[in-house]
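Student: Before we start, here is the structure in question, set down as structure tokens.
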Amino acid sequence: MSSQDPKQRIDKLVEELAEASHRYYVLSQPTLSDAEYDRRFRELEHLEREYPQYSRPDSPTQRVGSSPRTGFKTIKHAVAMLSLDNAMNEEEIAEFDQQVRRFLEKEGQVEGEVEYCIEHKFDGVAVTLRYEAGLLTQALTRGDGFEGEEITANAKTLRSIPLRLRGAQVPPVLEVRGEVLFMKSDFEAYNAERVAGGEEPFANPRNAASGSLRQLDPRETAKRRLSFFAYGLGAIDGFELPALHNQVMEAVTRFGFRRSPLFAVVRGSSGIVAAYREAQLARAGLPFEVDGMVVKVNSLALQELLGFRQRSPRWAIATKFPAIEENTVLRDITVQVGRTGAVTPVAVLDPVQVGGVVVSRATLHNEDEIMRKDLRIGDTVVVRRQGDVIPAVVAVVTAARTGNERRFVFPTNCPECETKLIKPEGEAVARCPNTHCPARLEQHVLHYASRNGADIEGLGDKWVAMFIERGLVQDVADLYLLTEEQLLRLPRMGELLARKILAAIDKSKRVALNKFIFALGIRHVGERTALILARYCHTLERFRSLGLDSLSNIPEVGVETAAALSEFLSDPEQQALLDKLLAAGVQALALEEQQGGALQGKTFVLTGSLQSLSRDEAQERIQALGGKVTSNVSKKTDYVLVGAEPGSKYDKAKELGVCILDESAFLRMIS
């Protein structure tokens, strides 16, 4: 704790946290990491308990959140949306259980261990949905907990929010509360679209979800594929509550909502801690972002008895996972050249542990991103692991500046080949136009050999860099011309490794058409677009002959993608490369030919939430192996793939005796 005068320190913390809260909740521009905010908030709580005479009415400890931003109608919540206290470790989890027990013991209500419900603490935006006579009539953000922004039109664009409650009997009034968020795959796809269109990528899924709900045009919200998970109820009328929270959530799911896949009932602090440990281990494999676990007393009668503190209920707590945001120092900025020539600035950081991983480098996206954030070498910055994987610099802590920081000057020439960089009008990314740039070639070869491309196992960046440096590879087709004799001349290359690499290269000669198109590294052509093109063309010959008019008529191929494809296919150098690949023995197989069509003729139905794949990805994998995906279960269905929270299709499959696959069995099947 600071040795500063307690009144001055309280005043300073109140102002710092108020500013951080405003930037986070109102402007969606975070300046403090989650961990740093929690540390300061807890220090303020401690000081206010020790020196209550210095407490301020505008302290963040006296309120739930932040004021709603302007531009949307503000409406008072029928039932306040209060926040939760946090438990930062297992000891504090045990203390929460002890506090609950002590309170209930005084009331003579405890017999044995207390029963709790657990669920994910989603990293999204809290929303309440009001249904009248079963119809969605209003959606509000949490706002300051007492008033929220009215976002009904935007909420209606979310497919995971039912416009009408399911079931024949619905209450006159029911408010369902939950979290709006981006699934990881949807967030990555949306950010890729923004970058491809020259727009700034969002720093994290939570800010992206918040910004998406605040779009004045609901059509913009609809494009962003947000998801909703329910976690409780607000105002109700004409609905008799059951005795337990887990029964409430069972009713909520019957009304047509998803809930946390983690949802379970446990007993006592030992049950909570065991679930907490398991949830941390499973966190990286989740299809969405979470920053902890929520624990609630299961009995509604005990919840009512426990009641509320000023800003939070006594019967619930948020158990936080280790931070995935931290502060560190930006020591330098370097640039790297990608396969399409895009020149990307990279932050060189003082190593810092973020969410259990040491981060020393992070992408800065482009020159405009550096200028927008006013990043300077020597700045203290907030670093976040995007999707718990990709590090990114979220913001600058300007209050930490000393005056010794210096601005970064973006290069005018390629750092690898000295070619003058170009920056087309309307684009944010500078590019090296030299197709023979060694840095571009290295990234192109790595992309071609990647798992989602030609899938050349064992061909890592060190070997590719050495192949290029020694002049063995000048384009991707040269990979198929490598000999054992050439490889054995390389340092640290033995016979066994050389034969293994050559065998992997030879195996990649038979490649699915969609993977081959993706492997070519055409700008704006990702896995999804490559699959669409493969379905449309069926053969490589037809793909090579596509013109701009044909490309413009292919569903889901936009104007920019069509232009990039047309430029690639009309380039004599690229057509010569395709000829060279075919001459080397590469065969781009139609979807029904590849891998022997392992799922050829098989019909699948998907239900529930998958963890390692999105539903779209699972569908693509099935179709790529010759299978078919339909929406309804019938006697002709071969398999039903079941994820978390399956719907009525699961029951129908059991009734008809259709083979049911869980996710692990499905992954074994397609591998």
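Student: Which ones in region 221-255 are at pLDDT below 90 and more than 20 Å from residue 78 (Cα to Cα)?
Tutor: Matches in region 221-255: 221, 222, 223, 224, 225.
Student: Determine whether region 482-495 contains at least one residue that is among the polar types (S, T, N, Q) and at pLDDT below 90.
Tutor: Looking for residues that are among the polar types (S, T, N, Q) and at pLDDT below 90, one finds none in region 482-495, hence no.
Student: Now, a different point. Anything in region 135-167 that is under 30 Å from residue 59 (Cα atoms) and among the aliphatic types (A, V, I, L, M)? List them, or say none. Write out each step before concluding.
Tutor: Let us first name the residues in region 135-167 that are under 30 Å from residue 59 (Cα atoms), namely 139-151.
Once the filter is applied, which keeps residues that are under 30 Å from residue 59 (Cα atoms) and among the aliphatic types (A, V, I, L, M), region 135-167 yields 139, 140, 151.
Student: For the condition in a helix (DSSP H, G or I), surrounded by fewer than 16 Cβ atoms within 10 Å (Cβ to Cβ) and not hydroxyl-bearing (Ser, Thr, Tyr), what is the one hit in 442, 485?
Tutor: Testing whether each residue is in a helix (DSSP H, G or I), surrounded by fewer than 16 Cβ atoms within 10 Å (Cβ to Cβ) and not hydroxyl-bearing (Ser, Thr, Tyr) leaves just 485.
Student: So, one more: If I filter region 27-37 down to residues being within 30 Å of residue 72 (Cα to Cα) and buried (at least 16 other Cβ atoms within 10 Å of the Cβ), which single residue comes out as modelled with the lowest pLDDT?
Tutor: 28
Student: Whether any residue in region 184-195 is farther than 30 Å from residue 367 by Cα and surrounded by fewer than 17 Cβ atoms within 10 Å (Cβ to Cβ) is what I want to check. Full working, then the answer.
Tutor: First pass over region 184-195, keeping only residues farther than 30 Å from residue 367 by Cα: none.
No, there is no match, as no residue in region 184-195 is farther than 30 Å from residue 367 by Cα and surrounded by fewer than 17 Cβ atoms within 10 Å (Cβ to Cβ).
Student: Identify all residues within region 38-80 that are outside any loop (DSSP other than H, G, I, E, B), at pLDDT 80 or above and within 30 Å of the chain's Cα centre (by Cα); write none if there are none. Outline the logic, then answer.
Tutor: First, pick out the residues of region 38-80 that are outside any loop (DSSP other than H, G, I, E, B): 38-50, 52-54, 60-62, 74-76.
Applying the additional criterion that residues be at pLDDT 80 or above yields 39-50, 52-54, 74-76.
Answer for region 38-80, where residues must be outside any loop (DSSP other than H, G, I, E, B), at pLDDT 80 or above and within 30 Å of the chain's Cα centre (by Cα): 39, 40, 41, 42, 74.
Student: I want to confirm something. Restricting to region 13-26 and keeping residues that are surrounded by 19 or more Cβ atoms within 10 Å (Cβ to Cβ) and hydrophobic (A, V, I, L, M, F, W, C), which single residue is modelled with the lowest pLDDT?
Tutor: Out of the qualifying residues, it is 20.
Student: Exactly one condition in (1) at negative phi; (2) at pLDDT below 90; (3) assigned by TED's automatic domain parsing to the domain that holds residue 184 is not met by residue 99; state its number.
Tutor: (2)
Let's see how each residue does on (1) without any contact (Cβ under 8 Å) to a residue 24 or more places away in the chain; (2) surrounded by fewer than 18 Cβ atoms within 10 Å (Cβ to Cβ); (3) of a type in the set (Gly, Ala, Ser):
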residue: 211; (1), (2), (3): no, yes, yes
residue: 216; (1), (2), (3): no, yes, no
residue: 222; (1), (2), (3): no, yes, yes
residue: 226; (1), (2), (3): no, no, no
residue: 231; (1), (2), (3): no, no, no
residue: 240; (1), (2), (3): yes, yes, no
residue: 260; (1), (2), (3): no, no, yes
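Student: Further question on the same structure: If you take just the helices (runs of 4 or more DSSP H) that sit entirely in region 534-640, which of them hold at least 2 residues that are of a type in the set (A, V, I, L, M) and closer than 17 Å to residue 659 by Cβ?
Tutor: Details: elements: 540-544, 548-552, 559-569, 572-583, 615-624.
It comes to 615-624.
Student: May I pose another question? Please list, ordered by first then second residue, the pairs with beta carbon atoms under 8 Å, 6 or more apart or interchain, first in region 424-444 and of a type in the set (Ser, Thr, Tyr), second in a helix (DSSP H, G or I) and surrounded by fewer than 21 Cβ atoms within 10 Å (Cβ to Cβ).
Tutor: Here the result reads 435/573, each pair linking region 424-444 to a residue that is in a helix (DSSP H, G or I) and surrounded by fewer than 21 Cβ atoms within 10 Å (Cβ to Cβ).
Student: Another one. All but one of (1) buried (at least 16 other Cβ atoms within 10 Å of the Cβ); (2) within 18 Å of residue 448 (Cα to Cα) hold for residue 535; which doesn't?
Tutor: (2)
Student: Same structure, new question: Looking at residue 111, is it closer than 23 Å to residue 243 by Cα and of a type in the set (Asp, Glu)? Step through it out loud before you land on a result.
Tutor: Numbers: closer than 23 Å to residue 243 by Cα: yes; of a type in the set (Asp, Glu): yes.
Answer is yes for this residue.
Student: Among all residue pairs at least 6 apart or on different chains, which show Cβ distances below 9 Å where the first residue, located in region 358-386, is free of Cβ contacts under 8 Å to residues at least 12 places away in the same chain and more than 19 Å from residue 427 (Cβ to Cβ) and the second is hydrophobic (A, V, I, L, M, F, W, C) and surrounded by fewer than 20 Cβ atoms within 10 Å (Cβ to Cβ)?
Tutor: As it stands, the answer is 358/352, since those pairs meet every condition given.
Student: Here is a follow-up. Identify all residues within region 244-284 that are small (Gly, Ala, Ser) and more than 25 Å from residue 93 (Cβ to Cβ); write none if there are none. Walk me through it before giving the result.
Tutor: Taking region 244-284 and keeping what is small (Gly, Ala, Ser), we get 251, 256, 260, 264, 268-271, 274-275, 279, 282, 284.
Correct list: 251, 256.
Student: Does residue 336 count as modelled with pLDDT under 90 and either of a type outside the set (A, V, I, L, M) or outside the structural domain of residue 524 (by TED's automatic domain parsing) (or both)? Full working, then the answer.
Tutor: On the way: modelled with pLDDT under 90: no; either of a type outside the set (A, V, I, L, M) or outside the structural domain of residue 524 (by TED's automatic domain parsing) (or both): yes.
The answer is no for residue 336.
Student: If you take the residues in region 142-185 that are over 26 Å from the mean Cα position of the chain (by Cα) and assigned to a strand (DSSP E or B), which one is nearest to residue 614 (Cα to Cα)?
Tutor: Only one residue tops the list, namely 164.
Student: With respect to residue 143, determine if the residue is surrounded by fewer than 17 Cβ atoms within 10 Å (Cβ to Cβ) and either acidic (Asp, Glu) or not assigned by TED's automatic domain parsing to the domain that holds residue 558 (or both).
Tutor: On the way: surrounded by fewer than 17 Cβ atoms within 10 Å (Cβ to Cβ): no; either acidic (Asp, Glu) or not assigned by TED's automatic domain parsing to the domain that holds residue 558 (or both): yes.
Taking the combined requirement at face value, the residue does not satisfy it.
Student: What number goes with the only condition from (1) in a loop (DSSP other than H, G, I, E, B); (2) over 32 Å from the mean Cα position of the chain (by Cα); (3) farther than 22 Å from residue 574 by Cβ that residue 472 does not pass?
Tutor: For residue 472, the exception is condition (3).
Student: Please determine whether any residue of region 324-338 is part of a loop (DSSP other than H, G, I, E, B) and either over 30 Å from the mean Cα position of the chain (by Cα) or without any contact (Cβ under 8 Å) to a residue 40 or more places away in the chain (or both).
Tutor: no
The values are calculated or read from the model by the stated rules, or taken from the named source; none is laboratory data. Everything quoted here is computed from the prediction, not taken from an experiment. Neighbour counts run over all protein chains shown; Cβ positions are idealised from the backbone, glycine included.
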